[in-house]
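Peer 1: My questions will all concern the structure given below.
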Amino acid sequence: MSGLRRSLEAYYGDPARDAAMDAFYARFVRPGDLVFDVGAHVGDRLGSFRRLGARVVAVEPQPLCVRALRALYGDDDRVIVVEAACGAHEDRVRLHVNSANPTISTASPQFVRAAAGAGGWAHETWDAEIEVATTTLDRLIAAHGVPAFVKIDVEGFEDAVLTGLNQPLPALSFEFTTITRELAPRCLDRLTGLGFTRFSVALGDEMGLALPDWLPAAEVAAYLWALPHEANSGDVYCVSEDHRRRRGTP
């Protein structure tokens, strides 16, 4: 519970951060849109999507985080909480839990191995494992509709999540880390095959894009490979031609 409490204290109660987040996501999310928050954790992004007027399906496998989400948003009929991991298939998976820092719990054993001894990660410990249900983006779309935007933050399991998507979407984001650099190019290849055409990057928790323009996948992949280890993590933002036609470049 102490790790969860620290997450809640870190992500809630900062009006300036909330305003910056809302301004950033407004380029992707409009009132009435449907958004999938995959890896919702304690729901700070979910809160932004709701302030922007979206309906939200929040997908989170950790029972304590699900309890927090339902306590925070259980009375909101425009939020649906799905207690599951998102992956390539509907099944079950072992979730490696970091009790002290639950935001980096992961279904990827490769991610845990990559973090071992890595600069900035050596103090992290995945001290428990639980078995959780998995769903897919395709299944979520069948149940809830086509989202205007999908946020994916699943600590090294992003390629599995995208394997479970087999249809085009307007826009999405996925997290990258410098300890698992090989994942982002695989994700970019997958998304290019699904019809995404332009990409950009936000570093760390910054609510702004690091690149001066939206670029093809190959150029963004090269940018990510060249980042110093200390950059640590961030998110790749991806838009389709349909999104660009309807809304212009974000």
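Peer 1: Check Cys86: other-chain or 5+ apart residues with amide H under 5 Å from its amide H, H built from backbone geometry?
Peer 2: Answer set, sorted by chain and number: Thr135.
Peer 1: For the range 139-216 and the range 9-42, what is the separation of their C-alpha centers, rounded to whole Å?
Peer 2: One Cα centre to the other: 16 Å.
Peer 1: With contacts defined as alpha carbon pairs under 8 Å and 6 or more residues apart, what's the relative contact order of the range 77-145 in percent?
Peer 2: On the way: 90 pairs, mean separation 31.5, N = 69.
Once normalised by length, the contact order is 46 percent.
Peer 1: Still on this model: Just the number, please: percent antiparallel of the DSSP beta bridges in the chain, rounded to the nearest 5.
Peer 2: Numbers: 23 of 43 bridges.
Within the chain, antiparallel bridges account for around 55 percent of the total.
Peer 1: Further, regarding this structure: Residue by residue, what Karplus-based ³J(HN,Hα) values in Hz, rounded to whole numbers, does the range 22-39 have, using 6.51, -1.76 and 1.60 with θ = phi - 60° and x for Gly and Pro?
Peer 2: So the J values, rounded to whole Hz, are 5, 5, 5, 6, 4, 6, 10, 10, 10, x, x, 5, 9, 10, 9, 10, 9, x.
Peer 1: From the backbone phi of the range 62-69, what are the Karplus-calculated ³J(HN,Hα) couplings (6.51 cos²θ - 1.76 cosθ + 1.60, θ = phi - 60°) in whole Hz, Gly and Pro given as x?
Peer 2: Values per residue, Gly and Pro as x: 7, x, 5, 5, 4, 4, 5, 4 Hz.
Peer 1: Which Cα, out of Leu194, Ile179, Ala217, lies furthest along the positive dipole direction of the range 176-219 (beta carbon charges, K/R +1, D/E -1)?
Peer 2: Selected residue: Leu194.
Peer 1: Looking at (1) 7, 33, 41, 18, 1; (2) 7, 29, 32, 23, 8, 1; (3) 7, 31, 35, 19, 7, 0, which value of P(r) over Cα pairs in 10 Å bins from 0, in percent comes from a calculation on the structure shown?
Peer 2: After the calculation, the listed value that fits is (1).
Peer 1: With θ taken as phi - 60° and the coefficients 6.51, -1.76 and 1.60, list the Karplus ³J(HN,Hα) couplings across the range 102-111 in order, rounded to whole Hz; mark glycine and proline as x.
Peer 2: x, 5, 10, 4, 8, 8, 9, x, 4, 5
Peer 1: log₁₀ I(q)/I(0) of the range 14-157 at q = 0.14, 0.21, 0.22 Å⁻¹, via Debye over equal Cα point scatterers, no solvent, to two decimals?
Peer 2: The Debye formula, applied to the Cα set alone, gives -0.68, -1.29, -1.35.
Peer 1: Can you tell me, using C-alpha contacts under 8 Å and at least 6 residues apart, the relative contact order of the chain as a whole percent?
Peer 2: Values: 488 pairs, mean separation 43.0, N = 250.
After rounding, I find 17 percent.
Peer 1: Moving on. Quick one: P(r) of the range 112-250 from all Cα-Cα pairs, 5 Å bins, percents rounded to integers, in order of increasing distance.
Peer 2: 2, 9, 19, 22, 19, 14, 9, 5, 1, 0
The numbers here are math on the coordinates, done by the rules we state, and not lab data. In this text, all values refer to a predicted model and were calculated from it rather than measured experimentally. For neighbour counting, all protein chains shown are included, and Cβ atoms are generated from backbone atoms with ideal geometry for every residue, glycine included.
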